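Take a look at the structure below.
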Amino acid sequence: MIIFSGNTKEGKPYVIRNLEAGDTEAMMRYINKLSLEQTYILRQGEQSTYEEEKKFVDDQLKQMKDGKALYLVIESENCIIGATQINLKEKVHSHVGHLGISLALSYRDQGLGAKLLGVVIERSKIELPSMKIIDLSVFAINDRAKHLYEKFGFKEFGRLPKGVFYKGEYVDHIYMHRDVIMSST
């Protein structure tokens, strides 16, 4: 289901839509390319197999069906160029959703990350009504992402010193949160 459609700053059309069962191959290509970039994600060059990606997609679709996750992709020129998800935690943490977001290198700095983040937060209010808090983690050296999250009301609540081993160096891992419904104060 298409949730939003628009054009990049360069005029390329794109859509934001729900993850679908037929997305396994495209998701595998996307995550593997992103991993090779060694950008600020958990994967640092590792390549996902079709079977691994199919298991991941199937699991996300099941969680979406069960009302425990929201997974959106952004697509342009018949390719997945970004993804975001919010997965509800379990048991006593079931009111907390964990957010992840990524965007292909050639589509950064065009406002698409902000658009994708805004859409997933707004959709989560409808599709994950039990969620009260959204949390995320970010590499401390990823200033662009930290700035974006702060723009959307996320605040740092913790830091694990040297929590990430990135390109041969230990960097802090920052934890951030925000309420789903922001107060006007």
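Which pairs have Cβ atoms under 8 Å, sit 6 or more apart or on different chains, and link a residue in the stretch 170-182 that is free of Cβ contacts under 8 Å to residues at least 12 places away in the same chain and more than 18 Å from GLY100 (Cα to Cα) to one that is part of a strand (DSSP E or B) and β-branched (Val, Ile, Thr)?
Pairs that qualify, where the first residue is free of Cβ contacts under 8 Å to residues at least 12 places away in the same chain and more than 18 Å from GLY100 (Cα to Cα) and the partner is part of a strand (DSSP E or B) and β-branched (Val, Ile, Thr), are TYR170/VAL164.
Only one residue in ILE3, ILE74 is of a type in the set (A, V, I, L, M), closer than 30 Å to PRO129 by Cα and buried (at least 18 other Cβ atoms within 10 Å of the Cβ). Which one?
Testing whether each residue is of a type in the set (A, V, I, L, M), closer than 30 Å to PRO129 by Cα and buried (at least 18 other Cβ atoms within 10 Å of the Cβ) leaves just ILE74.
Taking the stretch 128-161, which residues are out of contact with any His (no Cβ under 9 Å at 6 or more places or on another chain), surrounded by 13 or more Cβ atoms within 10 Å (Cβ to Cβ) and acidic (Asp, Glu)?
Within the stretch 128-161, GLU150 is the sole residue that qualifies.
Please enumerate the residues belonging to the stretch 1-15 that are closer than 16 Å to THR84 by Cβ and outside any loop (DSSP other than H, G, I, E, B).
Within the stretch 1-15, the first condition is being closer than 16 Å to THR84 by Cβ, and the residues that meet it are 1-4, 6, 14-15.
If the condition is that a residue be closer than 16 Å to THR84 by Cβ and outside any loop (DSSP other than H, G, I, E, B), then ILE2, ILE3, PHE4, GLY6, TYR14, VAL15 are the ones that fit.
Check THR49, THR8 and return the single one that is of a type in the set (Ser, Thr, Tyr) and touching a Leu at 6+ places or on another chain (Cβ under 7 Å).
The match here is THR8.
Among the residues of the stretch 167-185, what is the count of those that are within 19 Å of the chain's Cα centre (by Cα) and modelled with pLDDT of 95 or more?
Selection size over the stretch 167-185: 7.
Of these, SER102, SER106, which one is within 22 Å of ASP23 (Cβ to Cβ) and assigned to a helix (DSSP H, G or I)?
The unique qualifying residue is SER106.
How about the stretch 22-37: which of its residues are under 18 Å from the mean Cα position of the chain (by Cα) and loosely packed, with under 13 Cβ neighbours inside 10 Å?
None - no residue of the stretch 22-37 is under 18 Å from the mean Cα position of the chain (by Cα) and loosely packed, with under 13 Cβ neighbours inside 10 Å, so the list stays empty.
Just to check your reading of the model, which residue among GLY97, GLY82, GLY67 is part of a loop (DSSP other than H, G, I, E, B) and not charged (D, E, K, R)?
When all the criteria are applied, what remains is GLY67.
Please go through the stretch 162-172 and give me each residue that is of a type in the set (Lys, Arg) and either in contact with a Lys or Arg (Cβ under 7 Å, 6 or more places away or on another chain) or surrounded by 11 or more Cβ atoms within 10 Å (Cβ to Cβ) (or both), ordered by number.
Selection gives LYS162 alone.
Can you name the residue in the stretch 141-185 that is in a strand (DSSP E or B) and of a type in the set (Ser, Thr, Tyr) and is also farthest from VAL120 (Cα to Cα) among such residues?
So the residue we want is TYR170.
Search the stretch 16-64 for residues being of a type in the set (Phe, Trp, Tyr) and part of a helix (DSSP H, G or I), and hand back the single one that is farthest from THR84 (Cα to Cα).
Checked the stretch 16-64; the qualifying residue farthest from THR84 (Cα to Cα) is TYR50.
The values are calculated or read from the model by the stated rules, or taken from the named source; none is laboratory data. Computed from a predicted structure; not experimentally measured. Methodologically, a virtual Cβ is constructed for each residue, glycine included, from the backbone with ideal geometry; neighbour enumeration extends over all protein chains shown.
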